[in-house]
1. In segment 380-391, which residues are outside any loop (DSSP other than H, G, I, E, B) and either farther than 30 Å from residue 20 by Cα or touching a helix residue (DSSP H, G or I) at 6+ places or on another chain (Cβ under 7 Å) (or both)?
2. Which residue, of 77, 45, is more than 14 Å from ligand 1 (Cβ to nearest atom), within 22 Å of the chain's Cα centre (by Cα) and either buried (at least 17 other Cβ atoms within 10 Å of the Cβ) or closer than 27 Å to residue 311 by Cα (or both)?
3. Which residues, counting only those in segment 397-431, are within 16 Å of ligand 1 (Cβ to nearest atom) and in a helix (DSSP H, G or I)?
4. Every residue in segment 62-74 that is without any contact (Cβ under 8 Å) to a residue 24 or more places away in the chain and crowded, with 20+ Cβ neighbours inside 10 Å, please.
5. Test residue 92 against the criterion of being under 26 Å from residue 418 (Cα atoms), surrounded by fewer than 24 Cβ atoms within 10 Å (Cβ to Cβ) and away from ligand 1 (no atom under 16 Å from the Cβ), and give yes or no.
6. Test residue 33 against the stated conditions and say whether it is away from ligand 1 (no atom under 16 Å from the Cβ), in a loop (DSSP other than H, G, I, E, B) and either over 27 Å from residue 380 (Cα atoms) or not assigned by TED's automatic domain parsing to the domain that holds residue 428 (or both).
7. Restricting attention to segment 292-307, does a residue exist that is within 15 Å of ligand 1 (Cβ to nearest atom) and surrounded by 16 or more Cβ atoms within 10 Å (Cβ to Cβ)?
8. Modelled with pLDDT of 95 or more, surrounded by 19 or more Cβ atoms within 10 Å (Cβ to Cβ) and in a loop (DSSP other than H, G, I, E, B) - does that describe any residue in segment 177-195?
Ligand code: TEU
Ligand code: CA
């Protein structure tokens, strides 16, 4: 067996820069703010930061609409700040993974400005244009991710352009080789600055065949990813994380199989999609059930057991905070936050922590649409009002799954604006910051932070966590998560109660035994056998020795 790659034994941490730490009081988090918090992250023990976009952008989608790939948005800082971040992080053993958003650019990118001005501009073909459809309307009735049509009329050129997400995010035409060369050149420019890799935004969309109506995982996808690899990544020891909402256990290895020359790992959402409504999507959540959740997680563990690599996460800047969604953000907040972390971090793959998760931050609750800033929530609100959904029902759905509810500022202290800014934050601070904050949590030996820190260290110290085989046990148990990991004669038994009630459990053979408790969110146990009772949200892992 070859030694694991650095990104297989490290843990990632996602920073959503707008909400992380504001250094200059303008209410917007920034790069100097991130630098000032690197010690917090180094003490947590992470190996790399996935930095959500900081490039030049009009911020229609908080930076996922890039107008200049080689600058830093002034509200976030300067290129010199960015270089300093890369350097200072590296000095603490932390790599910076940048967010590569190349399915689309901003409509304010100079390419698009040229493209929309004239059909004769070379950049015109960098985007996806179609003539009007029937009755001079849009070429198809396909809806955009953030509401409205995917097609926007451009009178200057007498054509519609494609914006899969929003009109401010026109899709790039990957069929154009000059465009692809520009992108690879830009990637090399960043890689040469010393970054540790890329998280690739909606990368499964770049191979689309628009006229066939195929957007996700289209016919050109893997050809382009392999070309990208040859032109930029080959020979560099970096990590690449491919975001995809469509990848399945059947297609995952096409992206991250060891001989593919494409990506290190996929970042998939099957466990999220499983609980969305067929018509109203995320804004009408389906009730959670553990059996479905486990079936999805475990299917991915099995599918990438021998080849490929998983990303392990429940939350990010597009998803609700996990303690609110899957745990209990009231009475058992601390216990359930630790339980969820234990279950996720001890599977096979690279765990990702979304800023604030390491102290058990919860979703903020909003009551009015005016409290939202998010292009998705506002766009879909407009669509669903037209469909006859009531504002009350919509807000209820948005509180469960809306993006802004998990994008409120990082809670550093119990003081004013949670210590995030000395000014007025761009979006409201969660009022629970008086109790839930870094300072308070870190002051406790049994805080959520301490638990995450331990999990991260365990992954570095125990090869069974990074490399061990995964075996699910008691798979259809409705309340308990149970699995074993085995590696070179070592067995790790992981058990968790996913509910706020005590649960009696008959320990199956593949799990039972005595040994050393590696981690627990209650009193440590050094034995599991026979019939046991797990306390509400109890979770632990034992390295079995007999
Ligand atoms: O997200 C991809 C994506 O499909 C999401 O928009 C998703 O559909 C939705 O947020 C969840 O319901 C990526 C980024 O992570 C997201 O922040 C961007 O808005 C999006 O791409 C466009 O760049
Ligand atoms: Ca600022």
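The values are calculated or read from the model by the stated rules, or taken from the named source; none is laboratory data. Since this is a predicted model, take the numbers as computed values, not measurements. Reconstructed Cβ throughout: ideal geometry from the backbone, glycine too, with neighbour counts over all protein chains shown.
1. 381, 383, 384, 385, 386, 391
2. The unique qualifying residue is 45.
3. Result: 397, 398, 399, 400, 401, 404, 405, 406.
4. 73, the sole residue that qualifies.
5. Yes, satisfied.
6. Criteria not met by residue 33.
7. No; the residues of segment 292-307 include none that is within 15 Å of ligand 1 (Cβ to nearest atom) and surrounded by 16 or more Cβ atoms within 10 Å (Cβ to Cβ).
8. Scanning segment 177-195, I find at least one residue that is modelled with pLDDT of 95 or more, surrounded by 19 or more Cβ atoms within 10 Å (Cβ to Cβ) and in a loop (DSSP other than H, G, I, E, B), so the answer is yes.
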